[in-house]
Ligand SMILES: O=C(O)CCC(=O)C(=O)O
């Protein structure tokens with residue numbers, strides 16, 4: 001494990017490109033524990049024994065592709081698990097993972113950032129539909145675009161298995177210019193400069209909520225799973241009624257009551 005914090009470089013790259021890849025964020029034993037839990041969810045879904053309050057957060061590929069331009073795919077593989085932290089402590093504790101928090105603190109240039117949610121995007125072999133080009137902001141409905149998407153790669157990302165593709169620099173857009181329709185940007189409007197984000201398992205890929213990104217399908221024979229977190233900067237609040245488990249915890253806050261909240265919520269893990 002080769003963990004080397006490089007705060008200045010992180011900040012410069014993120015500001016310039018709108019995204020940042022940091023390798024060696026999740027340690028090997030943690031990666032194994034996360035994979036094991038994801039496998040348990042998969043088999044519980046297959047056997048139809050996942051409790052209803054959890055099953056409602058698991059979406060299959062056929063749910064995702066319904067209504068997409070890509071068409072409909074008859075596939076019962078898992079595509080997305082929302083509310084991941086309520087499925088197992090190993091997922092909940094990713095909210096207070098020190099290396100993740102170190103990077104977020106640098107990129108927000110503040111300790112007063114808060115957790116929004118974690119989901120797990122699963123690109124299983126045979127999940128054929130690509131992710132359309134989009135910005136994340138219009139999905140999120142917050143008072144400011146000071147939000148960061150932090151993807152934790154549970155498996156390696158490769159061109160073949162559907163690595164996320166980003167358009168560097170597209171994060172530089174005024175808040176009011178982001179359109180609701182930016183959840184599905186036509187190919188013709190996407191800049192030619194595109195980067196396929198290939199990186200090893202255990203990497204964190206952070207991107208500005210306004211960067212244009214998408215991703216191909218998984219053409220390999222192995223699973224490609226990312227735990228995707230949304231984090232909100234200081235004084236950045238949701239404007240809809242949707243709230244998530246553990247939302248608004250502020251694991252790096254200097255406020256005494258916030259510190260107490262983190263300690264009592266996460267115990268020894270914090
Ligand atoms: O997992 C991917 O490659 C893309 C996911 C994504 O774009 C999203 O969740 O907004």
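The values are calculated or read from the model by the stated rules, or taken from the named source; none is laboratory data. Not measured: the values here are computed from a predicted model. Cβ sites come from the backbone with ideal geometry, for glycine too, and all protein chains shown count toward neighbours.
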Problem set entry | Only one of 160, 176 that is in a loop (DSSP other than H, G, I, E, B), surrounded by fewer than 20 Cβ atoms within 10 Å (Cβ to Cβ) and more than 12 Å from the ligand (Cβ to nearest atom) | 160
Exercise. Of the residues 204, 222, which single one is more than 12 Å from the ligand (Cβ to nearest atom), exposed (fewer than 15 other Cβ atoms within 10 Å of the Cβ) and at pLDDT 95 or above?
Worked result: 222
Exercise. When you scan the stretch 207-219, how many residues do you find that are modelled with pLDDT of 95 or more, out of contact with any helix residue (DSSP H, G or I) (no Cβ under 6 Å at 6 or more places or on another chain) and in a loop (DSSP other than H, G, I, E, B)?
Worked result: 2
Seminar exercise, completed: Reported set for the stretch 163-173 where residues are within 11 Å of the ligand (Cβ to nearest atom) and free of Cβ contacts under 8 Å to residues at least 60 places away in the same chain is 165
Exercise. Taking the stretch 197-206 as the search range and keeping residues that are in contact with a helix residue (DSSP H, G or I) (Cβ under 8 Å, 6 or more places away or on another chain) and assigned to a strand (DSSP E or B), which one is nearest to residue 3 (Cα to Cα)?
Worked result: 204
Seminar exercise, completed: Considering only helices (runs of 4 or more DSSP H) wholly within the stretch 1-95, the ones with at least 3 residues that are at pLDDT below 95 are 61-65
Seminar exercise, completed: In the stretch 139-149, residues that are farther than 21 Å from residue 218 by Cβ and either part of a loop (DSSP other than H, G, I, E, B) or within 11 Å of the ligand (Cβ to nearest atom) (or both) total 7
For this session: Give 110, 79 a once-over and let me know the one that is more than 16 Å from the ligand (Cβ to nearest atom) and touching a residue at least 40 places away in the same chain (Cβ under 8 Å).
Result: 110
Exercise. Identify, please: which residue in the stretch 225-257 is in a strand (DSSP E or B) and under 21 Å from residue 11 (Cα atoms) and is, among those, nearest to the ligand (Cβ to nearest atom)?
Worked result: 228
Exercise. Restricting the stretch 182-193 to residues that are surrounded by 12 or more Cβ atoms within 10 Å (Cβ to Cβ) and without any contact (Cβ under 8 Å) to a residue 60 or more places away in the chain, which is farthest from residue 140 (Cα to Cα)?
Worked result: 190
Exercise. Across the stretch 118-131, what is the total count of residues that are touching a helix residue (DSSP H, G or I) at 6+ places or on another chain (Cβ under 8 Å), assigned to a strand (DSSP E or B) and within 11 Å of the ligand (Cβ to nearest atom)?
Worked result: 3
